Every structure is written in C-alpha cells, then in structure tokens.
Amino acid sequence: MRYFNMAVSQPGQGLPWFTIVGYVDDQLIAYYDSNTRRTVPGVPWMEKVVQYEPGYWDRQSQMFQGNEAVFRVDLETLRTRYNQSHGVPAPLSFSTLCSPTKAPNPDGGHQTSLQDCRCEEGCLRSPRSPSPQ
C-alpha cells in the first residue's frame, strides 16, 4: 500500500492544488483533493470498510486535511527558496511517497498512520533554479 501526496502552486482552472491517491498494487483505493476536502474510495470493495470501521472515511479525510495544511506551508517555503514571492511565479510541484505504518492504540488495537514519507527523486519540479542566498 502506497499513498502519494501531490501539490502544485498553480493548478489549472477548477483543478485541485493538492491531491492524495492511495494504491494497493496498481489499484486506486482512495482519493482526496483540496477542492472537496473529502476522501472517497477508489474501488467498490473499499466502500465496505465502514462496515468494519465506522467513521473510516471521515478519519481519513481529517488526516489528509492535516497533510494538506503541511503541504500549504511547504509550498510557501519553496516559493521563498525559489524567490517567487513577487511577480508571476513559475509553477512548482511537490510530491511525497508515504507508506502506512501501524502503531498500537491504548485500547489494544492498532492505528494506521502515514509515516515514512519521503521525497522521491524528482519530487520537486520548477523551471527555475533556486536563487543564491
């Protein structure tokens, strides 16, 4: 299972600036974007998860809204580092790959969280190089 977090500084009209997609093998299992701010199942069998874990999609949405907030700050940091605070900025895109981990809950169960996030090679794209500081 892998989750990809992607952000762009200048999305096309009507497109989200932030998106998360979750995959098992090559199958899309979950989708979140900054326009809807909701996580939705990507395949019919993932719709059934609420039978076993009520509130699952709400919890996923809350977690991904947190990721969205972090990426908003990250994009601002990148704009500053790429000296794009004034004028018409060049588009930036940023993505990470996250693997879920399970942590024990006090009640004896497990909580899945997205840990081990890393910037894969080529995860930051901009037509400009960073300006010297």
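The values are calculated or read from the model by the stated rules, or taken from the named source; none is laboratory data. As the structure is a prediction and not an experimental result, all values here were calculated from the model. All Cβ positions, even for glycine, are placed from backbone atoms using ideal geometry, and neighbour counts span all protein chains on display.
Exactly one of (1) free of Cβ contacts under 8 Å to residues at least 40 places away in the same chain; (2) under 19 Å from Gln62 (Cβ atoms) is unmet by Ala7. Its number?
In the conditions (1) free of Cβ contacts under 8 Å to residues at least 40 places away in the same chain; (2) under 19 Å from Gln62 (Cβ atoms), Ala7 misses (1) alone.
Within region 40-77, can you find the residues that are of a type in the set (D, E, K, R) and either in contact with a Pro (Cβ under 8 Å, 6 or more places away or on another chain) or assigned to a helix (DSSP H, G or I) (or both)?
Glu47, Asp58, Arg59, Glu68, Arg72, Asp74, Glu76
In region 23-39, how many are in a strand (DSSP E or B) and within 15 Å of Glu68 (Cβ to Cβ)? Lay out the reasoning, then the answer.
Going through region 23-39, the residues in a strand (DSSP E or B) turn out to be 23-24, 27-33, 39.
This time we only want the ones that are within 15 Å of Glu68 (Cβ to Cβ), so: 30-33, 39.
Adding up the residues that qualify gives 5.
Read through the list (1) surrounded by 13 or more Cβ atoms within 10 Å (Cβ to Cβ); (2) modelled with pLDDT of 80 or more; (3) touching a Leu at 6+ places or on another chain (Cβ under 9 Å), then give the number of the only condition that Val43 fails.
With respect to (1) surrounded by 13 or more Cβ atoms within 10 Å (Cβ to Cβ); (2) modelled with pLDDT of 80 or more; (3) touching a Leu at 6+ places or on another chain (Cβ under 9 Å), Val43 is out only on (1).
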